[in-house]
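Undergrad: Take a look at the following structure, please.
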Amino acid sequence: MIDKWKLALREFLKKYEDDDDVVGAILCGSYATNTQNEYSSIDVYLVLKEDANYSLRGNTDSNSYLIEYFMNTKEGILECMEKEFNYNKQSTANMFSYGKIIYDLDGSVKELQDKAVEYIDKPFNEITGNKLDKNDYHLWHYLHELKVCLKENNPQFNLIYYKLLNDVYDVYAEYQGLPKLPKTKIYKILTDEEYRRKLHIFKLADDDFIKLYIRCFELDKPNTMYKNIEMLINYYYEKRGGFNIRTFELRN
């Protein structure tokens, strides 16, 4: 018996059977990795022929399942992978590398999948100089504001805390030449090896950083939360060779 979600996907794809612009389709997201839950959408990428002059992203209902669909040409998708790569991101490359090809009329989908694997293996461009200095200051500034909130018992403490927790992984990833991780899934990615393998995420921060980072998810008294994230940021500064705000300069 065919799964209900597969019937819903089949029903959605019927709309494009006679669409000459569509040359291929690939299943992405949680249904491709068998990690879906009752809230998951069915994610599908439709590849358009090269002379199609549009791209599209949308959502629709199919047999009571939410379908999230993307439509773009091969060149448009490759351009998206390159742009993401330049920002230490791999979301589109990940989607195509683990995706399940539904059909491929001209070989474009397989070509994109092969290219996606190349992007995942490709070293990121080195971040140096001014950008690193800006990152150093950014973390200091938010940690300083967090300390002020702690002293004043300011209700903005949690807002700044989680903004800082969001940013510090990205800053560390840029420094270490690692991919930035989707924040909606970062805890599970860092703590579940099988899950990240299914998502084709193979490069992570070092174990010591991850332990400190995961500790910051523990809800506790604000004073303890502050100490945890301070330790995490100081670990980054130690890797960088130290940071002193009283001697900091940013030269443009």
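Just so it is clear, none of the values below were taken in a lab; they were calculated from the coordinates. No experiment lies behind these values; they were computed from the predicted model shown. All Cβ positions, even for glycine, are placed from backbone atoms using ideal geometry, and neighbour counts span all protein chains on display.
Undergrad: From Cα pairs below 8 angstrom and at least 6 apart in sequence, can you work out the relative contact order of region 1-124, rounded to a whole percent?
TA: So the answer I get is 27 percent.
Undergrad: Distance in nm between label sites at Arg197 and Asn154, each 7 Å beyond Cα in the beta-carbon direction?
TA: For the pair Arg197/Asn154, the computed spacing is 4.5 nm.
Undergrad: Give me the extension gain from Trp140 to Thr35: residue separation times 0.36 nm, minus the current Cα-Cα distance, reported in nm with one decimal.
TA: This chain segment gains 34.1 nm when fully extended.
Undergrad: Moving on to the next point. Can you sort Lys6, Lys180, Lys151 so the residue with the fewest Cβ neighbours within 10 Å comes first?
TA: Lys151, Lys6, Lys180
Undergrad: Expressed as a whole number of Å, what is the distance separating the alpha-carbon centroids of region 147-226 and region 23-81?
TA: 29
Undergrad: Oh, and also: If you average 1/r across every pair of different Cα atoms in region 150-252 and take the reciprocal, what Kirkwood value do you get, in Å?
TA: 15.1
Undergrad: Highest GNM mean-square fluctuation, the chain, Cα pairs closer than 10 Å: which of Lys183, Lys203, Lys163?
TA: Between Lys183, Lys203, Lys163, it is Lys163 that shows the largest mean-square fluctuation.
Undergrad: While we're looking at this one, here's another question. Restricted to Cα positions, what overall size does region 42-116 have along the principal axes? Three whole-Å values, descending.
TA: Cα spread of region 42-116 along its principal axes, largest to smallest: 38, 27, 23 Å.
Undergrad: Report the normalised scattering of the chain as log10 I(q)/I(0) at q = 0.07, 0.10, 0.16 Å⁻¹, calculated by the Debye formula with identical scatterers on the alpha carbons.
TA: Values, matching the q order: -0.32, -0.62, -1.14.
Undergrad: Just to be sure I understand the model, the point goes 7 Å from the Cα along the line to the Cβ. What's the resulting Tyr16 to Glu249 distance in nm?
TA: About 5.6 nm, to one decimal.
Undergrad: Which of Leu164, Leu56, Leu139 ends up with the largest GNM mean-square fluctuation for the chain, with Cα atoms connected below 10 Å?
TA: Looking only at Leu164, Leu56, Leu139, the biggest GNM fluctuation is shown by Leu56.
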